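Notes follow once the structure below has been shown.
The values are calculated or read from the model by the stated rules, or taken from the named source; none is laboratory data. Quick caveat, the model's predicted, so the values are computed rather than measured. So basically every Cβ, Gly included, is an ideal-geometry build from the backbone, and we count neighbours across all protein chains shown.
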Amino acid sequence: MTGGQRFAGRSVLVTGGASGIGRAAALALAREGALVTIGDLDAEGGRAVVAEITASGGQALFQRTDATAEGDIAALIAAAVAAHGPLAHAFNNVGLSRHGGMEDMSREDWDWTLAVSLTSTFLCMKHELPVMAARGGGAIVNTASMSGRIVTPVASPAYCAAKAGVVHLTAYAAHSHAARGIRVNSVSPGLVATPVVARMLTPEQQVTVASGAQLIGRAVTPEEVAATVLFLLSDDAAMITGTDTEVCGGRRQG
């Protein structure tokens, strides 16, 4: 694959890489020479992304992974190391929500949303950081959300709390591992035109929701988020750590 080659020969992990932002990031990383390992529950989608990468001359591996199961995360990272060498970069991108308000959300849905959207990020970093430290350093980007930064009418309280947690967990990891040569940042997308969002909102509804919260009144594309992720993972961002970057078309709320 051709591209800028900022990641040539480097082992890179992408969770949630079968669709949406993760897929866009995996494809972009491979174009820049990364040896990509994708973890996702969606085996059909994950293998399709690997096939797309390999058809273009890149190298990629897929392993079906439940990011809320610590054993699956440990096995995924072991597979990435075995196939491509110690992790240099990781994009922890798993996040979903069940719906409900403060008074009607069930405890089961609350726990599930926090497990998928926050605990998964903790588990990934728990197992990525030692591998990167042994390598001599690395870079991690976690997917947060504008729902963790501002109040939005379309997000559940569990999702808002989980993504706010990702922002702070990212800062914690950055502070505790900078001396080991590891940078950790997060991105907070606004409304993104992913397949999940497409099942919830029509294109017209996406414009309405985006216009109410963003200065640029349209949904963000997965590729636009991926471009920011690649910058933060790359050596171009060598002096950036512990930050959360909003990719939202400019927020309307303070």
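Answer yes or no as to whether ASN93 is buried (at least 17 other Cβ atoms within 10 Å of the Cβ) and under 24 Å from ALA48 (Cβ atoms).
When the stated conditions are applied, ASN93 passes them.
Does ILE53 count as surrounded by 22 or more Cβ atoms within 10 Å (Cβ to Cβ) and touching a His at 6+ places or on another chain (Cβ under 7 Å)?
Against the criterion (surrounded by 22 or more Cβ atoms within 10 Å (Cβ to Cβ) and touching a His at 6+ places or on another chain (Cβ under 7 Å)), ILE53 does not qualify.
Quickly run through the stretch 140-167 and pick out the residues that are at pLDDT 95 or above and of a type in the set (S, T, N, Q).
The answer is ASN142, THR143.
Yes/no per residue for (1) under 18 Å from ALA90 (Cβ atoms); (2) at pLDDT 90 or above:
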site	(1), (2)
LEU169	yes, yes
ALA179	no, yes
LEU191	no, no
VAL225	yes, yes
ALA238	yes, yes
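For the stretch 146-160, enumerate the residues that are touching a residue at least 24 places away in the same chain (Cβ under 8 Å), part of a helix (DSSP H, G or I) and more than 29 Å from ARG180 (Cα to Cα).
Result: MET146, PRO157, ALA158, TYR159.
Which residue is surrounded by the most Cβ atoms within 10 Å (Cβ to Cβ), if the candidates are limited to the stretch 209-225 and must be of a type in the set (Gly, Ala, Ser), free of Cβ contacts under 8 Å to residues at least 60 places away in the same chain and closer than 10 Å to GLY190 by Cα?
ALA219
Go through the stretch 214-254 and report how many residues are part of a helix (DSSP H, G or I) and under 30 Å from HIS175 (Cβ atoms).
14
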